[in-house]
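Reading through the structure tokens given below for one structure.
We did not get these values from a lab; they are worked out from the coordinates using the rules stated. Note that the coordinates shown come from a computational prediction; the quantities given were computed from them, not determined experimentally. All Cβ positions, even for glycine, are placed from backbone atoms using ideal geometry, and neighbour counts span all protein chains on display.
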């Protein structure tokens, strides 16, 4: 104890004299890994375009060289899985990912836990401001590797939020005014409005949503409506709940809406098809990621009749008046097999830091920044004020239960893709209750075999 008091007294005296004490600013050095070359694996996306456009600034700051490969989303995640599974022989140091992927990659040991880097003042610059990243986003990418809704926000931090999507109701306000339609406030109103618009505009679909045989069909508009209605995917014992009375009602009405008011080739629709149809004037409503309509409301993407006529609103409410929006988080993660981990963290903190993300939000299209401070930036606010009700919609969504509405579990992709198959079958005419019973039976067996259900 006496030795500790002496040491403390020495430090106090040295501080008073202003000599001999190393601060975090002194310890951190952006040039510490000058000459290193990093390799990035990136998904084809407007956020990726912002990053590539500013990479030279990172190299100028750090002396770290960066190489990258970009793949379209249709095969991007397959490429990530193949590379990560190679371990020490893998090619890439840092990769784009979503929060759901943590549930597959982290248990396999493919993702580097990041809290040792975040909490080390010799590795993280003092201006990084970890707390400025929205807490719900940070917590969504921390996990203790145990299945169960309560386990998000526990354990290690496996990825850093980089840009995110809140699912919203986007519509042609000119057509709504012309036909006397109002933004729907319930599931039944959503179905009615989509069908009314489809009837009033026979040359276009009333609504467009994703429908391909892929897990991504479930997570945007469908999961937002499913959660807002009060439905859950799994109970506290990890028993699937997709055949509950709540789930059957949502699924039946959703597939009926798409059958009556959606595009003819709905079962092929991905993010790209849904967005491009809306921007081309082939659909009057889009229920998907809020940023998707922003990308389609630009002079180089929107049809003349669409440009400037898109408006945003929160998704319809549940029977209890609740809004529970599902979110997607584009993130950066470190390959645990990387041979350049410290340099990789330098890149990750730069790419998720205030300076780059502000540039990305104001000068590029990273229009859902993960940092609270950027939403208060006057330049960013002025830019987004040009999009009708975008900011108001975002603020409403974030003030309510906006989070990952799925329960974390390691078979997420297999089981959620099978869930999408059930939606397609019900859309094609299968009985909703019977088909969802079959889905639950199948998922239960898979989760039992994997040890998720004890």
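Annotations
- Sorting the Cα pairs of region 359-399 by distance into bins of 10 Å, from 0 upward, gives 29, 64, 7 percent per bin.
- P(r), alpha carbons of region 135-215 - 5 Å bins starting at zero, rounded %: 3, 11, 16, 14, 11, 11, 10, 10, 9, 5, 1
- Folded to 0 to 90 degrees: helix 341-351 orientation relative to the chain principal axis, Cα: 60 degrees
- Sorting 231, 246 from the fewest to the most surrounding beta carbons within 10 angstrom yields 246, 231.
- Spatial separation of Cα centroids for region 27-63 and region 310-326, in angstrom: 38 Å
- Rounded tilt (10° steps) of 245-261 against the dominant C-alpha axis of the chain: 70 degrees
- Measuring nothing but how far apart in sequence close Cα pairs (under 8 Å, 6+ apart) lie, relative to its length, region 351-454 scores a relative contact order of 13 percent.
- The helix-only estimate of mean residue ellipticity at 222 nm for the chain, built from DSSP H runs of length n ≥ 4 each weighted as -39500 (n - 2.57), is -13000 deg cm²/dmol after division by the residue total.
- For region 69-135 versus region 409-434, the inter-centroid distance based on Cα atoms is 29 Å.
- With neighbour counts taken as other beta-carbon atoms within 10 Å, the residues 179, 45, 219 rank, fewest first, as 179, 45, 219.
- Volume per residue of the C-alpha convex hull in region 324-437, rounded to whole Å³: 177 Å³
- Beta bridges by DSSP in the chain, antiparallel share as percent, to the nearest 5: 65 percent
- Order of 213, 55 under a 10 Å beta carbon neighbour criterion, fewest first: 213, 55
- Stokes-Einstein diffusion of region 205-295 at 37 °C, 0.692 mPa s viscosity, Kirkwood radius from Cα pairs, rounded to a whole number: 240 µm²/s.
- Considering only alpha-carbon pairs that sit under 8 angstrom and 6 or more positions apart, the relative contact order computed for the chain is 23 percent.
- By the equivalent-ellipsoid construction on the alpha carbon gyration tensor, the chain comes out with semi-axes of 41, 26, 20 Å, ordered largest to smallest.
- Computed from Cα atoms, the angle from the helix 73-84 axis to the main principal axis of the chain rounds to 40 degrees.
- Rg ratio for region 154-199: its Cα radius of gyration over 2.2 N^0.38 Å, N being its residue count, equals 1.86.
- For region 47-180, alpha-carbon Rg relative to the globular expectation (2.2 N^0.38 Å, N residues): 1.31
- Within region 168-325, all pairs of alpha-carbon atoms sorted by distance into 10 Å bins from zero give the percentages 11, 43, 34, 10, 2, 0.
- Size descriptor, Kirkwood hydrodynamic radius, that averages inverse alpha-carbon separations across region 390-447, Å: 13.7 Å
- Taking the three principal axes of the alpha carbon atoms in region 41-117, the coordinate ranges are 36, 32, 23 Å, sorted in descending order.
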